[in-house]
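Below is one structure, written out as structure tokens; comments come after it.
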Amino acid sequence: MEEKLVTVAIHTYEKAQMLKKLLESEGIETFIHNVNLDEPSTFSAGVRVRINERDLTKALSIIVKTIKADEDISNEKKIDNKQKVLIPIDFSDYSMHALFFAFKMAYSIKAEVTIFHTYYTPAFGNIAILDSTNDDETIRIEKKLKSDLDNLKNILKRKISGGELPNIVYKTIIKEGIPEEEIFKYCREYNPSLIIMGTRCESRKEQDLIGSVTAEVIERSTAPVFAIPEDIKLTGFEGIKNIAFVTNFNGNDLIAFERMMALMEKFTFKIFFIHIDSDHNKWNEIKLVGIKEYFTKQYPSIETEICLIKGNDIIRSLDKFINENNIDLVSVNKRKRNVISRLFNPSVTRKMIFHAKTPMLIYNV
């Protein structure tokens, strides 16, 4: 009798290849489905990694162990109090927009800046039989990368000379590999205070590379992530006048709020403490009042307001609130989710990122 296949993960083509190699190295027969064979490397999402049902327990154990290893940060790492901003880019217009914002923000908080880019070659992924065609493609990719880097440096030099951007010291890091995986590896070494990334508009998400990478970084990063939609004209923190801080009354929300205030202490803005009341609990409004009273005492100079948003559709309810109150930034503390559930279902925060037309500052505490 033919053995039943089960889906163990859904990834980009490149990431599916990496997982396939990992599982097969552990003796698990692995199959990849839903691949566009004409242009596999451009298929951004929906590639299914499948295995025999009998291997499911072993495969999940391997995947969980790998994810936990990615997320572990050594307790022995020396504490570094210097502010550091990491900016992953892919040279697109929207990632450049995020980069320009990051320069101004880094200057205002006296942070150092690292511009981070990853590239992928046929030789790295071993997608096809290694031959001269792949060698030529690798040379073409690396030549274009050099051209893009030179162009980036010229743009920054011109904008700094013209006074459009502050004159700050920055460095560029280039890595070959899968973007999100290389970002996590570098974060363990660099320990950034903040990651700033661009996202594309809702209608173009399926073809988006950095947008999907942004969602993955938000999902797994221990550092806060500032996600900036491509159509937003925001050029610096001074343009943020109204902030919606989403709370689920979790104790760690207080930590996230304190960190946000430390980041933005030099600027003037109004805070809306909001809770989306999908369970219609009469105590939620009382809890919101308590939060407002606490932070009014802690930050007497900050104007605050509480809002209980009723509705079962979180995205629609939040979108309506943002439009009605001219919100410039949404800040949320994303609870850590079980690593197994994360493989199969996107979190609400991920859905918010793909839908968002407003910048988001996401903490994971």
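The values are calculated or read from the model by the stated rules, or taken from the named source; none is laboratory data. Only a predicted model underlies this, so the values are computations on that prediction, with no experimental measurement involved. Because the Cβ atoms are built from the backbone with ideal geometry, glycine has one as well, and the counts that use them run over all protein chains shown.
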With the first residue restricted to region 93-114 and required to be of a type outside the set (Ser, Thr, Tyr), and the second required to be in a helix (DSSP H, G or I), Cβ contacts under 6 Å at 6 or more apart or on different chains are Met105/Phe237; Val113/Ala106
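Whether any residue in region 158-166 is touching a Ser or Thr at 6+ places or on another chain (Cβ under 6 Å), basic (Lys, Arg), more than 23 Å from Leu263 (Cβ to Cβ) and touching a residue at least 40 places away in the same chain (Cβ under 8 Å) is what I want to check.
The answer is no; no qualifying residue exists.
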Check: In region 110-129, is there at least one residue being at pLDDT 90 or above, aromatic (Phe, Trp, Tyr) and not assigned by TED's automatic domain parsing to the domain that holds Ala262?
Finding: yes
Given (1) surrounded by 13 or more Cβ atoms within 10 Å (Cβ to Cβ); (2) at pLDDT below 85; (3) of a type in the set (A, V, I, L, M, F, W, C), Ile286 misses just (1)
Given (1) in a helix (DSSP H, G or I); (2) modelled with pLDDT under 90, Lys157 misses just (2)
Just one listed residue, out of Ala256, Ala244, Ala227, Ala215, is buried (at least 21 other Cβ atoms within 10 Å of the Cβ), modelled with pLDDT under 80 and among the aliphatic types (A, V, I, L, M), and it is Ala215
